[in-house]
């Protein structure tokens, strides 16, 4: 066992029938040193969640934007505007690191960027066979399908969005006939647009306004029969169907929605925003992990619009809790029922 006080490289040498050497480095950081500080995204739609993660050396005192946080921790934030997050540490040394999160209008974010995509078949050329080439944000790369008509692309966005428009940036060979289909579950697809007489270049399909998690492009007929379909970028623009901060500026939502509470984790209070497209009987109740009712935040009839409820949790212990929003109509039937997880950290 070794206990280095500074960063040290160790070399192990073996001799025998063969000789071998291997090295390893033990990194020693002084207290106060930031080892890593990362964000899950730095370009987002207003109100979209971002995971911040950090790790600092032992013996450090840590603050994030002047609020004390743990040494190795993470935090989900929902920037309502472009925001800089600064991590500051103190110990035998002082260290700082900053991340700028740029927030733009929700419908200006490419939801397909780095999403999961599968295809019916790809070219055997190593430069073009990777489907990820068309969702990497780089128009100098392209994916090329296997040779033949009747190919398809299936893109999983990871969550539901109200899709506004889809952009296809064609590569060296394009589809003259193709269909855009959307689905909430990768099973029940709705035809959003059928295109004939395609000319390649950049195609913008807008005014879609359908909820979907999966985007499928059915490639029916190629312009050139000498190679497969080629796509440089598949871009999808839409607004999350779960309520985001940006939605609150609108007067009446077009659907029921329950936001993730903010902040989360929190101490000692947090705010929950929810939207009602029409009046209803509302119940918003907080439960613990055993299903026991902890707090009733709302119970009664509310009109259409956006509403907020604040939970002051100073009287309960740290832990995971669940807020359930149930809305019933004038006949007592459930119109909406959704749960979100709250994390209290004292």
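The values are calculated or read from the model by the stated rules, or taken from the named source; none is laboratory data. These numbers were taken from a predicted model, which means no experiment stands behind them. All Cβ positions, even for glycine, are placed from backbone atoms using ideal geometry, and neighbour counts span all protein chains on display.
For segment 94-126, filtering for residues that are closer than 30 Å to residue 71 by Cα and at pLDDT 90 or above leaves 9. Note on segment 165-183: residues that are surrounded by fewer than 19 Cβ atoms within 10 Å (Cβ to Cβ) and under 22 Å from the mean Cα position of the chain (by Cα) amount to 3.
Here's the yes/no breakdown for (1) in the same structural domain as residue 51 (by TED's automatic domain parsing); (2) surrounded by fewer than 16 Cβ atoms within 10 Å (Cβ to Cβ); (3) farther than 24 Å from residue 165 by Cβ:
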residue: 72; (1), (2), (3): yes, yes, yes
residue: 75; (1), (2), (3): yes, no, yes
residue: 82; (1), (2), (3): yes, yes, no
residue: 85; (1), (2), (3): yes, no, yes
residue: 90; (1), (2), (3): yes, yes, yes
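In summary, residue 133 fulfils each of the numbered conditions (1) farther than 19 Å from residue 220 by Cα; (2) surrounded by fewer than 16 Cβ atoms within 10 Å (Cβ to Cβ); (3) touching a strand residue (DSSP E or B) at 6+ places or on another chain (Cβ under 6 Å) with the single exception of condition (2).
Just so you know, in segment 29-66 the residues that are part of a loop (DSSP other than H, G, I, E, B) and under 25 Å from the mean Cα position of the chain (by Cα) include one that is modelled with the lowest pLDDT, and it is 47. Screening 62, 119 for residues that are crowded, with 18+ Cβ neighbours inside 10 Å, closer than 30 Å to residue 186 by Cα and touching a residue at least 12 places away in the same chain (Cβ under 8 Å) leaves exactly one candidate, 119. Condition check: within 25 Å of the chain's Cα centre (by Cα), surrounded by 12 or more Cβ atoms within 10 Å (Cβ to Cβ) and not assigned by TED's automatic domain parsing to the domain that holds residue 165. Does residue 94 satisfy that? No.
Every residue, every condition in (1) within 29 Å of residue 241 (Cα to Cα); (2) in a loop (DSSP other than H, G, I, E, B), yes or no:
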residue	(1), (2)
125	no, yes
128	no, yes
132	yes, no
139	yes, yes
144	no, no
158	yes, no
163	yes, no
167	yes, no
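Just one of the listed residues (25, 38, 68) is free of Cβ contacts under 8 Å to residues at least 12 places away in the same chain and within 27 Å of residue 93 (Cβ to Cβ), namely 68. The set of residues in segment 70-97 that are farther than 18 Å from residue 29 by Cβ and in a strand (DSSP E or B) comprises 74, 75, 76, 77, 83, 84, 85, 86. Summed over segment 278-331, residues that are assigned to a loop (DSSP other than H, G, I, E, B) and closer than 25 Å to residue 255 by Cα total 7.
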